[in-house]
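Since the structure comes first, as structure tokens, the remarks are kept for the end.
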Amino acid sequence: MRPARRHLLSLRSPRWPRPHRQHHGTVRALPAHAQSSGASGNGAGTGSAERRVEDGAAAMVVGVGCAAVAALLSCFLVVLPLRCAGRTDLKSPQDIQVYVVNTNFTLRWNYTGNDTNVTFSAEYRWCESVDTNEKEWKTEWKELPGCQNITLTECDFSSAITKYYDEHDVRIRAERGEELSPWSSIFEMTPYAIAQIGPPGVELQSTNGVIKIKVSPPEANQVRKMWIADLSFKYILVIWENSSNPEVRSQSIFPTDTIDDLAPDTTYCLKVQATLPSEYQEGLFSPIHCVKTTHKVNDLLCATNVRILALNMKFHLHWNNQYKQRVSYNVQYLIGYLKEVPGDYSTKWLSVPGCENITDTQCDFSSIISTTPGFYYLRVQAMSEYNKSCLSNEVKVDPLITNEIGPPDVKVDISDVSLHIQISPPGGSECEIMRDHYDLSYRILYWKNSSNNEEEVKMKEVKQTIATVSDLTPSTSYCVKVQAFSEAYNKSSDYSKEECIKTPGDKTLPLIILATFVTALIAVLLVATPLVFGLYHIYNKIKYVFFPSCQPPLNIEGFGGQVFSSLYLSTTDEPIENCSIIEAITEEVNQIVFKDYNHSKQSSRDSGTYSNDSDTSGSKASEETLEKEIV
């Protein structure tokens with residue numbers, strides 16, 4: 001291409017005279033009659049005319065050559081890669097889309113050109129994301145298998161994609177012979193993010209008035225799978241009667257399930273959809289299948305009306321018996337998740353302990369309910385004495401949903417004007433499942449117990465099992481009842497029995513009286529204490545002066561009675577010397593008394609050999625001695 005370009009540039013180098021636009025538009029080959037008329041003119045004009053003709057011919061040649069060169073240059077410079085065959089440029093494909101169903105990839109686009117014999121080819125590349133801002137492309141652009149030189153506006157390239165979690169880029173262009181259109185805009189995709197769940201497989205069987213259905217995952221028979229966790233699929237069944245005005249109903253089903261409550265001898269049509277609830281994805285519906293139901297055989301041996309009664313995590317199964325002869329029952333259960341696994345679970349039913357070969361029409365199956373959340377299925381197998389058996393319909397039990405909450409127990413106490421309410425949780429404190437899984441709260445209603453029916457009922461909600469209600473009216477009877485409820489499970493119990501109690505009387509007046517009395521008493525004590533103390537001091541002075549505590553001995557009774565009548569008041573006619581003598585006598589008398597006391601003390605220690613006469617004589621001798629000393 002480079003030599004050709006150099007040749008074209010050399011053609012442009014000569015300085016060709018550029019004809020005037022008027023001459024280029026108008027100069028063209030003249031007709032014959034014009035030439036004859038020009039020749040018949042004067043001779044002077046003949047030479048000039050010929051000269052003009054020659055100049056016009058030369059100008060025409062130059063113009064044609066310039067036009068050819070310009071056209072050739074435009075072909076090579078503007079659309080150099082394309083073949084220069086007119087101005088028919090190909091348009092790029094538009095509206096590029098990729099549709100992914102399971103591991104099936106389809107590329108679709110639109111083409112608005114009017115060109116014929118146009119084909120399309122696509123390229124792709126994929127990368128691994130290092131982080132949110134950087135990309136590491138693993139491949140350069142390369143041909144997309146299944147999408148090369150096709151005439152349709154879609155192609156299947158499922159075999160090319162194997163990295164479902166990596167980002168891919170796709171582009172496409174139009175082709176016609178050696179002409180190529182520009183590439184389309186790039187379509188970016190991550191297969192798993194745009195993939196759609198395909199339709200599941202469905203198998204039906206009509207028997208005994210019911211339809212047994214078996215559903216297989218969308219990629220059950222495929223080696224390469226987009227959805228690895230088959231057990232995560234949930235299935236939605238849509239069923240209706242094949243009639244002019246069908247009533248369509250929808251329900252969740254398991255991979256292996258039974259559809260009952262159907263009319264006999266009726267054709268039903270249905271379709272199934274697989275979903276992934278955890279990823280909020282809904283798949284495509286399966287093809288529509290239609291099947292006709294049969295008549296259901298009414299076997300009286302089968303247990304009917306199978307139902308569950310549960311209160312405070314105590315579970316009982318009840319059923320009815322239509323069989324008139326002897327029959328025994330065996331209650332069986334199935335762990336719920338086994339139904340979510342594709343396959344046959346008929347051999348995985350187990351017997352409930354204590355409910356084997358029983359004749360009662362009820363069974364306590366609380367023993368199989370564990371603390372682990374989960375659901376179960378139960379059924380009753382009836383057996384006659386002729387070795388015939390029949391299975392009842394299955395019932396589902398989800399312990400925390402099926403169970404009902406019973407009313408709590410309540411105790412009420414009172415202090416002053418406050419009610420103290422103690423609540424015992426439903427099922428008792430030993431029921432850990434009730435306490436751990438329900439997260440119970442309590443609704444307390446209390447009101448005045450009076451004949452007035454318009455008394456307001458007040459409510460208080462608590463989460464603890466101990467509550468206090470204050471600001472009550474004294475000397476008033478109040479009643480209380482409590483309800484337990486769980487917001488998470490939208491369950492509530494019945495109210496407990498009413499408990500009534502009377503508040504004590506108003507203690508304000510007695511307290512005021514008591515406070516007044518105590519205040520008065522304190523005031524009296526504060527005033528009376530100094531007064532009593534002063535009176536007591538005066539009393540002691542008077543008693544000390546007028547009633548001395550020291551009395552003369554009996555030995556000197558009658559002697560100088562006037563002198564000893566007052567020891568502390570001296571008379572005018574009493575000589576001072578007598579007072580001093582009396583003091584000496586008093587001291588001697590005291591000594592004598594002490595001696596007598598010591599003597600009697602010693603005599604009491606003797607063995608009693610001294611007689612009373614000797615004691616008398618001794619006392620008399622002491623008296624005589626005293627008289628002599630005084631004289």
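The values are calculated or read from the model by the stated rules, or taken from the named source; none is laboratory data. Keep in mind that this is a model prediction, so the values were computed, not measured. Virtual Cβ from ideal backbone geometry, glycine too; neighbours counted across all protein chains shown. Remember, those area values only see protein heavy atoms, side chains included, never the ligands or the DNA or RNA. Shrake-Rupley method; radii C 1.70, N 1.55, O 1.52, S 1.80 Å.
Computed about the Cα centre, the dipole magnitude for the stretch 302-394 is approximately 180 debye when only Lys and Arg (+1) and Asp and Glu (-1) carry charge, each at its Cβ. Once you have a ≥ b ≥ c as the square roots of the Cα gyration tensor eigenvalues for the stretch 269-323, tell me rounded if a/c is under 1.5, and otherwise prolate or oblate according to whether a/b is larger than b/c. Oblate, because a/c is 1.5 or more while a/b does not exceed b/c. Rolling a 1.4 Å probe over the protein heavy atoms of the stretch 452-491, with every protein chain left in place, gives an accessible area that is 41 percent carbon and sulfur. With K and R counted +1 and D and E -1, the other residues having a Cβ less than 10 Å from that of TYR438 yield a net charge of -1. In order along the stretch 140-148, phi translates into HN-Hα couplings of 7, 4, 9, 4, 8, x, x, 10, 10 Hz, rounded to whole numbers, per the Karplus curve 6.51 cos²θ - 1.76 cosθ + 1.60 with θ = phi - 60° and x for Gly and Pro.
Quick one: with all protein chains in place, what share of the accessible area of the stretch 176-257 is carbon or sulfur, to the nearest percent (1.4 Å probe)?
Carbon and sulfur atoms account for 48 percent of the accessible area of the stretch 176-257.
Applying both filters, DSSP loop and at most 11 other Cβ atoms within 10 Å, to the trypsin sites (Lys or Arg not before Pro) of the stretch 441-540 gives LYS463, LYS497. Protein heavy-atom surface of the stretch 270-323, 1.4 angstrom probe: 55% of the accessible area is carbon and sulfur, with nucleic acids and ligands not counted. Within the stretch 258-350, list the trypsin sites (Lys or Arg not before Pro) lying in a DSSP loop whose Cβ has at most 15 other Cβ atoms in a 10 Å radius. Answer by residue number: LYS296, LYS324, ARG326. Per residue, the accessible area of the stretch 242-319 comes to 58 Å², computed with a 1.4 Å probe over protein heavy atoms only. Of the residues MET226, SER181, TRP240, the one whose Cα sits farthest towards the positive end of the charge dipole of the stretch 180-279 is SER181 (charges of +1 on Lys and Arg Cβ, -1 on Asp and Glu Cβ, taken about the Cα centre). What is the sum of charges, Lys and Arg at +1 and Asp and Glu at -1, for the other residues whose Cβ falls under 14 Å from the Cβ of TYR329? Residues close to TYR329 contribute a combined charge of -1. Of the GluC sites (Glu not before Pro) found in the stretch 367-426, those in coil by DSSP whose Cβ has at most 14 other Cβ atoms within 10 Å are GLU385.
Once C-alpha pairs closer than 8 Å and six or more residues apart are averaged by separation and normalised to the residue number of the stretch 335-480, the relative contact order reads 16 percent.
Under a model in which nothing but the beta-carbon of Lys, Arg (+1) and Asp, Glu (-1) is charged, the stretch 442-505 shows a dipole of about 180 debye around its Cα centre. Each Lys and Arg contributes +1 and each Asp and Glu -1, all at the Cβ; summed about the Cα centre of the stretch 312-358, the dipole is approximately 220 debye.
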